[in-house]
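Each value in this text was obtained by applying a stated rule to the coordinates, not by laboratory testing. Everything numeric here is computed off the predicted structure, so don't read it as measured data. So basically every Cβ, Gly included, is an ideal-geometry build from the backbone, and we count neighbours across all protein chains shown.
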């Protein structure tokens, strides 16, 4: 900025306050031509000078020496909160995320509680309890929503060293499992979660009992003709759900008589 321009601005700084006062007190007066020209040349200077005294920034903030640090007024609270939310991301990305194990344990607890409420342990011959359980499970249940599109089903292998791939299992859709097979069991509400390093899956064990006194037509097929298979069903004390932690879905479901959750089984003939 040249010397002549600096002198004009300095002169304008001295004259503008009086012009502003005159304009506010005498609405009919017109500012001098020089002031109008200065308004075009330096609008920010006039706006700052004509603002009410209570709205003006402290002189030190607008006329700070080069290289000096000027304290800024704090941001409004709403702005601060908005910036914090944006920095954290939707859902609080800055907050610690639940591990896969925690998610599976939460899923197991939810399923166990729901099944214990809708399919509680009753008289194995109670047809009404069976129908109530089947309708609840087949509908919008937590267990049905957690099953894979095609879920493997069957009994646990007699050989504990066999993997799931080495076990004879059948693929069913969620509607078949929740409408025909899983309702054959009553649930205690007990559950336990472990991680199988070989399968790379979480194993959810649900305490259960088999409805061994229903009418023959209620079972999916006459497996009671095979003594070994019927005995396995009748002695079952747990349902095993194998959960894929990457997608949080049940890929395999099994019934077993080797459950670890304590529950007395009264066999009815």
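Annotations for the structure displayed:
- Relative protection proxy for 136-143, 167-174, from highest mean packing down: 136-143, 167-174 (other beta-carbon atoms within 10 angstrom).
- Across every pair of non-identical alpha carbons in region 100-256, the mean reciprocal distance, once inverted, gives a Kirkwood radius of 15.6 Å.
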